């Protein structure tokens with residue numbers, strides 16, 4: 001019976017997956033990080049579009065939708081190619097008026113939120129809620145006092161979009177890591193079983 005075995009016959013033992021499969025297992029990890037990069041590149045620019053900038057002291061009329069809006073102080077900002085940088089804005093007051101001149105209540109935000117987008121850094125300083133869509137005049141000044149020129153930005157749902165972008169990017173990376181880890185463990189167990197056979 002022994003003489004009838006082929007030269008390459010291993011007696012029915014399984015060799016298991018080769019070490020090259022470990023390299024293949026790394027593909028989900030690479031794809032996950034690539035997906036994270038794509039999310040960051042494509043979504044961050046959309047976040048910028050959701051913030052309307054106003055150089056203050058000054059005012060601007062914005063077309064707003066119903067709901068809560070957040071006013072951010074951009075202590076590092078760029079508008080029309082000009083760089084603005086401030087550390088303190090003592091006495092800066094934000095005012096919101098409807099098209100008919102009726103004032104809209106402005107209050108402090110309930111939570112401290114900040115962001116960094118490219119060359120822009122901002123922090124929430126006020127929130128206001130409107131019930132009807134339309135044109136609103138947003139202004140800010142130092143109530144007759146002298147103060148530095150800076151930039152405020154108005155956005156609706158900005159922080160939710162920012163958190164969603166971060167979670168989506170991290171989810172892509174962690175998914176790749178989990179798939180790669182599962183594949184590596186599976187390959188290791190298959191090779192160990194083959195060695196014990």
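None of the figures in this text is laboratory data; all of them are computed from the coordinates on show. Computed from a prediction, not measured in an experiment: that's the story for all the values here. Every residue, glycine among them, receives a Cβ derived from its backbone with ideal geometry; neighbour counts consider all protein chains shown.
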If packing is taken as the mean number of other Cβ atoms within 10 Å per residue, what is the order of 81-89, 165-173, highest first?
165-173, 81-89
Run the quick spin-label model on residue 88 and residue 192: label points 7 Å from Cα toward the beta carbon, then report their separation in nm to one decimal.
6.2 nm
Gain in length, residue 107 to residue 22, computed as 0.36 nm per residue apart minus the alpha-carbon separation, to one decimal in nm?
25.0 nm
Using every alpha carbon pair in the stretch 52-155, what percent of pairs falls into each 10 Å bin from 0 up to the bin containing the largest distance?
15, 49, 32, 4
